[in-house]
Amino acid sequence: MTIGMIGRLDTGAAMLRARLEVLTRQVSDGRQGPGYGDIAPEARRAVDLRAELDRREVWQGTISRALARTAVAQGTLGRIADIATQFYQEAIRLDGTSGARITAVATAARAAMVEVASLLNERHAGEYLFGGSDSANPPIPDPQGILGSGMASGIAAAVAGLTAGNAAAVAAATLAAAQSDAPGVTPFSAFLSDPARGLGEPRRSVPAAEGERVAYGLFANRNAAATSSGETTGSWARDVLRGLATLAALDPAQASLSPGFTDLMAVVRDGLRSAVEAIGAERGALGATEQRLEATARRHAEVSVALAGQLAGIEEVDMAATISRLQATQTQLEASYRAISLVSGLTLTRFL
């Protein structure tokens, strides 16, 4: 009888030890168990919740990277707008001014052209922001040599032929040079200038949610969301380069070519004003895109918190209740050991 009692007590102690082991692990890692069998019959729901959490994490990651790119692009657009504004104001002051002023503006415009070309080659995390899908290659292959490009040379040749009465013809020639996508003329990459590739491709976009892509990409040689109007090539970037190239090609002696010089400066002003307005529109549209992406990211974050709570309710234990059960099980096991010790010490005589 004593042996049978000891066996029953030992079996009970083994069950308590197994329970204690599970509870100890649960207190250690806070989870119901390492396998899906430990959370049956909620295992399938847990799988679905985790998959949804993973999807939303991916979306938040892609949105975050896109917003980092747009933040850099906004700064670049702002600097180009500042340059265009500066030389718009210079073109106003050039009406009837001295040759020394013209020389200074021409020199500054040449430096500004190089800066704008370099800005259009802005990168973030190794990707060119204004290169469309060809983000591994610069949209302007030779920004330092842009003054020697076919576009700049063509504009310089047209400006050099300015007379008192041909400002309209000169302006038309500068417009044609700035608009050209011909190899050897355009300073932009072959990819961006190809109608079958960069010139016709849609904007770069980011997957923001299920079935939702948000366009945010920009191009060095054409507008993305903005529409240029007035004296324009149709592209704010080309308008800036056209205006700067025209100013860079001015000769002080041309100030006396009235009304040709004055009329040409009016064209330059109108083109730069158009560029400033279009860049403003581009930045505004990009800002609206940023707000949309930020709102979508916040929505993903809020839903993820709710999903994580539901998943925790399935996979994780109530720590306070688990600790209480652990302590109770330890007490029961200690009592079981004492009982086994007591029973195993009984002799048949003492038992009788």
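A few notes on this one:
- Single residue of Glu115, Glu90, Glu122, Glu127 found to be in the same structural domain as Leu247 (by TED's automatic domain parsing), among the acidic types (Asp, Glu) and more than 31 Å from the chain's Cα centre (by Cα): Glu90
- Flag for Ala208 being of a type in the set (A, V, I, L, M), in contact with a strand residue (DSSP E or B) (Cβ under 7 Å, 6 or more places away or on another chain) and under 17 Å from Gly131 (Cβ atoms): no
- Only one of Ala255, Ala306, Ala249, Ala266 that is farther than 18 Å from Ser235 by Cα and either exposed (fewer than 15 other Cβ atoms within 10 Å of the Cβ) or charged (D, E, K, R) (or both): Ala306
- Selection of segment 240-258 for residues being modelled with pLDDT under 95, part of a helix (DSSP H, G or I) and small (Gly, Ala, Ser) yields Ala253, Ala255, Ser256.
- Test: residue in segment 322-338 that is farther than 27 Å from Leu241 by Cα, at pLDDT 95 or above and part of a helix (DSSP H, G or I): no
- Residue tally, condition of a type outside the set (Gly, Ala, Ser), surrounded by fewer than 24 Cβ atoms within 10 Å (Cβ to Cβ) and part of a loop (DSSP other than H, G, I, E, B), over segment 218-239: 5
- Condition check for Asp318: among the charged types (D, E, K, R), over 30 Å from Arg69 (Cβ atoms) and at pLDDT 70 or above: no
- For segment 50-89, a residue qualifies if it is of a type in the set (A, V, I, L, M, F, W, C) and farther than 25 Å from Ala237 by Cα, and the qualifying residues are Ala51, Leu53, Val58, Trp59, Ile63.
The values are calculated or read from the model by the stated rules, or taken from the named source; none is laboratory data. Owing to the predicted nature of the structure, the values given are computational and were not obtained by experimental measurement. Glycine gets a Cβ as well: all are built from the backbone with ideal geometry, and neighbour counts include every protein chain shown.
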